[in-house]
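The values are calculated or read from the model by the stated rules, or taken from the named source; none is laboratory data. Everything numeric here is computed off the predicted structure, so don't read it as measured data. FYI the Cβ positions are ideal-geometry reconstructions off the backbone, even for glycines, and counts take in every protein chain you see.
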């Protein structure tokens, strides 16, 4: 049985992915509504009624002795309108995406197989491994710089070091162990998505 349901705040911004059990509990308690493909919202009672008329549903059904309830793919919270502040995860893929697969020293675009991560301030000199000190570098530039400061190697950053900024709608751009459902795509900005699209 599919285990993921996209959760929106009441302004329809994606804020998390929840288990189907949690989604059904929020719906039953009146804290959330189901959002269908046409952006209609349904409370628990109307969703039960609709479920009886649905023969097949992508997420399947929860069965009780007397009825069946379709597992929603998208729900919206009724009382929560904030977007939780979250950091874009510091992963190799997100770093490549952030710098657009460009070498920050020569400015050229490369496939991931021809890029390395470079400590601008070398680790041997106290350089950290985080957004404030890591950039993408092509292999020739990375070898040329070596274990030196850019100025010592007579190199400069053509693309300045930066940290990706959090944006509403980019809360789900992590390494996701599930496929992105087609019904979610209209709510989710894929800029930092690290998962596969549902076929």
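Can you find a residue that is closer than 13 Å to residue 184 by Cβ and out of contact with any helix residue (DSSP H, G or I) (no Cβ under 8 Å at 6 or more places or on another chain) anywhere in segment 52-63?
no
Answer yes or no: is there a residue in segment 141-159 that is closer than 24 Å to residue 82 by Cβ and modelled with pLDDT of 70 or more.
Among the residues of segment 141-159, not one is closer than 24 Å to residue 82 by Cβ and modelled with pLDDT of 70 or more, which makes the answer no.
Could you tell me whether any residue of segment 75-95 is assigned by TED's automatic domain parsing to the domain that holds residue 36, part of a loop (DSSP other than H, G, I, E, B), modelled with pLDDT of 90 or more and surrounded by 14 or more Cβ atoms within 10 Å (Cβ to Cβ)?
yes
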